[in-house]
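What follows is one structure encoded as structure tokens, with my remarks underneath.
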Amino acid sequence: MLIILGGLEAILSFTPVYAPDLVIAVLWGGANGLLSTTITTVLMQSVPREVLGRAFGALVTLTTITAPLGALVSGVLATAVSLHFVFLGAGVMIAAPAIGFVGLSDPPRPAHQIPASP
């Protein structure tokens, strides 16, 4: 999913007209909704119940902090370099971690979820 989001972000850097950007924004929103649901599900399954509230609190805090920070950084970068490179760089930064995870088949499980050997 992150590869798709990164690809859509990179495509935004190449579109000179507004209509394709609107379609990409709608696709981005749909993919982002799927990713958000997936992250929430994985967190609920992998974090122990005792610290689940803290884990979600940390996730919400980081998400809330990064939104204005990203706007600030991208705004400063857009004045320093072309907006084309800002969108292209954002797409690469979104897709790069996902490419690193492509070879992983199953995420590591916490110790409390590993079945005991007989």
_Checking the structure you have, find out if any residue of segment 54-74 is open to solvent by less than 60 Å² (accessible area, probe 1.4 Å) and in contact (Cβ under 8 Å) with a residue 24 or more places away in the chain._
no
*Out of segment 1-26, which residues are in contact (Cβ under 8 Å) with a residue 24 or more places away in the chain and more than 20 Å from residue 82 (Cβ to Cβ)?*
1, 2, 3, 4, 5
*Scan of segment 64-90 for residues that are over 28 Å from residue 15 (Cα atoms) and hydroxyl-bearing (Ser, Thr, Tyr), ordered by number*: 64
_First in segment 27-46 and at positive phi, second anywhere and modelled with pLDDT under 85 and assigned to a helix (DSSP H, G or I), Cβ under 9 Å, 6 or more apart_ = none
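The values are calculated or read from the model by the stated rules, or taken from the named source; none is laboratory data. None of the values given here were measured: they were computed from a predicted structure. Cβ: placed from backbone, ideal geometry, glycine included. Neighbour counts: every protein chain shown. To get the accessible areas, we keep the full protein, side chains included, count just its heavy atoms, and leave off ligands, DNA and RNA. Shrake-Rupley method; radii C 1.70, N 1.55, O 1.52, S 1.80 Å.
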